[in-house]
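The block underneath contains the structure these notes are about, expressed in structure tokens.
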Amino acid sequence: MPSARCRSQFLPGTNLEHFRGDERGFATTVVTLTAGALVYHFKLRSHPPPGRPWRRNEIRKRIVVGLTECSMTHTKCLAPGRAWSTHVWVPVLFALVLGVAVAPAPADQYRDRRLIMVRDQIEARGIKNPEVLAVMRTVPRELFVPKSVRPQAYDDHPLPIGFGQTISQPFIVGLMTELLDAKKDYRVLEIGTGSGYQAAILSRLVGEVYSIEIVPELARSAAETLRSLGFRNVTVREGDGYRGWPEKAPFDRIILTAAPPEIPEVLLEELKGGGTLVAPVGVGVQNLVVVQKSADGKTTTRSVLPVRFVPMKEGTE
Ligand SMILES: C[S@@+](CC[C@H](N)C(=O)[O-])C[C@H]1O[C@@H](n2cnc3c(N)ncnc32)[C@H](O)[C@@H]1O
């Protein structure tokens with residue numbers, strides 16, 4: 001079965017993850033550099049070398065050198081007591097003016113919306129685990145949904161991700177993650193990778209995440225999204241969750257994000273003694289349940305609340 005391993009991490013303390021999809025940020029950079037180059041061009045033309053005009057290739061060369069020098073030496077030029085060279089400050093000034101003129105980049109808009117989502121949809125409804133809340137404040141949900149629904153990424157409902165499937169409502173992701181009671185050294189199995197968002201949230205809370213998705217296109221795109229965003233400890237596998245993942249079992253925690261009529265026996269077998277499984281269960285009327293497996297293998301199940309998930313499909317293999 002094909003599987004994709006994702007290895008690389010976000011740099012702590014940076015917002016690099018927001019750059020993906022930030023077309024306006026890219027456009028701003030291009031416009032800034034072009035404007036800087038134009039201004040510099042006209043400045044050069046008004047100061048020709050003694051006795052002759054600039055040659056064309058000389059101007060081009062000087063613009064490139066000027067802009068490169070600008071980016072490499074601007075820190076030095078800003079040092080107290082140093083005169084600013086004009087070929088440095090003109091492009092820098094332009095960058096500043098454009099930076100202010102252009103409305104806040106979408107990255108920032110999404111960050112604010114993410115914080116509001118956590119406050120109003122998750123904390124306000126009783127999710128308390130500070131680690132879950134912190135992770136949900138950082139994972140860029142907008143990058144896990146199709147571009148066409150990106151503006152609704154932080155709305156209080158599930159969203160379509162193609163192939164008749166959905167990314168769960170943010171509150172349900174928060175609730176199920178809290179119910180899992182994850183720890184840093186845990187190995188977690190997810191059934192139903194979908195967009196990869198739930199796997200990304202888990203990735204920051206546990207040691208290893210193994211996620212199975214039955215729709216090949218979704219398995220591939222989720223693996224690619226997770227890889228490109230640096231969620232290194234997630235392994236996505238295209239396959240049928242009813243078969244479990246025997247090569248990687250047993251798991252400390254198991255989460256199902258598609259609803260089976262009842263919990264598949266194979267998944268209960270793959271759960272460690274002392275482990276927890278969280279799943280929507282039922283046909284038509286579904287309940288979110290938490291199954292605890294004791295050290296001697298006995299299970300107890302409690303219902304948390306009624307939910308509506310896509311059904312867990314039987315594979316054809
Ligand atoms: C609600 S979506 C999952 C949401 C996902 N966790 C996310 O964060 O986007 C349910 C997913 O389960 C998948 N699925 C359904 N039956 C499955 C099965 N037997 N094995 C694995 N995945 C299955 C669906 O294709 C769908 O992508």
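Using the structure shown, list the pairs from LYS272/LYS298; LYS183/LYS298; LYS184/LYS313; LYS183/LYS248; LYS128/LYS293; LYS128/LYS184 with a Cα-Cα distance above 20 Å, or answer none.
Beyond 20 Å: LYS183/LYS298; LYS184/LYS313; LYS128/LYS293.
What nm value, rounded to one decimal, do you get for the distance between LYS61 and GLN292 when each label is placed 7 Å out toward the C-beta?
7.7
Quick one: which of 254-264, 203-213 comes out on top by average Cβ neighbours within 10 Å, and what's the full order, highest first?
203-213, 254-264
Taking one equal scatterer on every alpha-carbon of the stretch 221-271, how large is log10 of I(q)/I(0) by Debye at q = 0.15, 0.16, 0.20, 0.32 1/Å?
Debye intensities relative to I(0), on a log10 scale: -0.50, -0.56, -0.81, -1.27.
Could you work out the per residue convex hull volume over the alpha carbons of the stretch 182-317, in cubic angstrom?
It comes to 101 Å³ per residue, whole-number rounded.
Between PHE163 and LEU305, 0.36 nm times their residue separation minus their Cα-Cα distance comes to what?
48.4 nm
For a Förster distance of 45 Å, can you work out the FRET efficiency between the beta-carbons of ASP181 and GLN152, rounded to the nearest 0.05?
0.90
Could you work out how much longer the chain between TRP54 and ARG137 gets when fully extended? Use 0.36 nm per residue separation minus the Cα distance between them, nm to one decimal.
Answer, rounded to one decimal: 24.5 nm.
Specify which residue in the list PRO160, PRO264, VAL206 is farthest towards the positive end of the charge dipole of the stretch 157-307, using unit charges on the beta carbon of Lys, Arg (+1) and Asp, Glu (-1), about the Cα centre.
The Cα lying farthest towards the positive end belongs to VAL206.
Once label points are set 7 Å from the Cα along Cα→Cβ at both LYS272 and ASP112, what is their separation, rounded to one decimal in nm?
With each label point 7 Å from Cα toward Cβ, the separation is 4.3 nm.
Multiply the residue gap between GLU265 and VAL285 by 0.36 nm, knock off their C-alpha separation, and tell me the result in nm, one decimal place.
5.1 nm
Values quoted throughout were computed directly from the atomic coordinates according to the rules given, and no laboratory measurement underlies them. For clarity, every value in this text was computed on a predicted model and none was experimentally measured. Cβ: placed from backbone, ideal geometry, glycine included. Neighbour counts: every protein chain shown.
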